[in-house]
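Asks: Take this structure first; my questions come after.
The values are calculated or read from the model by the stated rules, or taken from the named source; none is laboratory data. If you're wondering where the values come from, they're calculated on a predicted model, not measured in any experiment. Positions of Cβ are generated from backbone atoms using ideal geometry, with glycine treated the same way; all protein chains shown enter the neighbour counts. With ligands, DNA and RNA removed, areas are computed over all heavy atoms of the protein, side chains included. Shrake-Rupley method; radii C 1.70, N 1.55, O 1.52, S 1.80 Å.
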Amino acid sequence: MIEYYEQLTQEEQEAVTEVIRTLYRQTYLLERKYDRRTGRMQYMKEYRVCSKHLEFLKEYFTVAGMTLQENVHMGVIYIQGGPNWGEKLPRLATVYLLVLKLIYDEQMASVSSSSHIVTTMGAVNGKAGEFRVLKSLPSVTEMRRTIALLKKYQIIEPLEVLEEMNEETRMIIYPCIQAVLMGEGIKELLAEFGEEDNLGDETAIQSTIEDMSE
């Protein structure tokens, strides 16, 4: 493994090091992400670097007690495991994650030509309301903080600036949502989460969520 790394050029070594740091920081790498400047999906350099050196990086993360996974169909590379495995998300982030997965699955069922889905903040809150998983509409500050957290992990990409967030704010749901929530029965989980006796109990929900440690 060391021999492989030493045979790389200095530029390649720096690129690999940056990919490792990025994976530790955000868990997921996307093959394509939305670029607000061009208004289009762009291929990501970090993903190409990771894919090129995938076997080396798999060995590296194995030594660190983690597993590096690649899903070519979704265009996602991500790490699993580590000391923070299973760390709990804030409650609102957990609710939004489940709702976003439900919206993603519903729209993907009718749109087979795309790997990402566009929704709105109003649609997310509306769907959460249907399942009664929110006691009241979160404050704008809470929503901004939660959306920023999910953006960090490449789950979503707001198409407007967070400072101007409202019900019309659009966001892309990236295919990473599939890697985070691998289990089925999202509607059942939301229904259980919305029961009055379970408003403070996230154990069943968290058991379906892969590692998204900060």
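Asks: Among the helices (runs of 4 or more DSSP H) confined wholly to segment 1-118, which include 3 or more residues that are open to solvent by less than 30 Å² (accessible area, probe 1.4 Å), of a type in the set (A, V, I, L, M) and at pLDDT 90 or above? Write out each step before concluding.
Replies: Numbers: elements: 2-6, 10-26, 45-52, 54-63, 91-108.
Answer list for segment 1-118: 10-26, 91-108.
Asks: Now for a separate question. Pull out all pairs, ordered by first then second residue, where Cβ-Cβ is under 7 Å, the residues are six or more apart or on different chains, the first lies in segment 157-171 and is in contact (Cβ under 8 Å) with a residue 60 or more places away in the chain, and the second is charged (D, E, K, R) and open to solvent by less than 50 Å² (accessible area, probe 1.4 Å).
Replies: Close Cβ pairs (under 7 Å, with a partner that is charged (D, E, K, R) and open to solvent by less than 50 Å² (accessible area, probe 1.4 Å)) amount to Glu157/Lys33.
Asks: Oh, and also: Quick check: is even one residue across segment 151-161 at pLDDT below 85, part of a loop (DSSP other than H, G, I, E, B) and at positive phi?
Replies: No: segment 151-161 contains no residue that is at pLDDT below 85, part of a loop (DSSP other than H, G, I, E, B) and at positive phi.
Asks: From the residues in segment 127-149 that are of a type in the set (Gly, Ala, Ser) and within 18 Å of Ile177 (Cβ to Cβ), which one is modelled with the lowest pLDDT?
Replies: So, considering only residues that are of a type in the set (Gly, Ala, Ser) and within 18 Å of Ile177 (Cβ to Cβ), the one modelled with the lowest pLDDT is Ala128.
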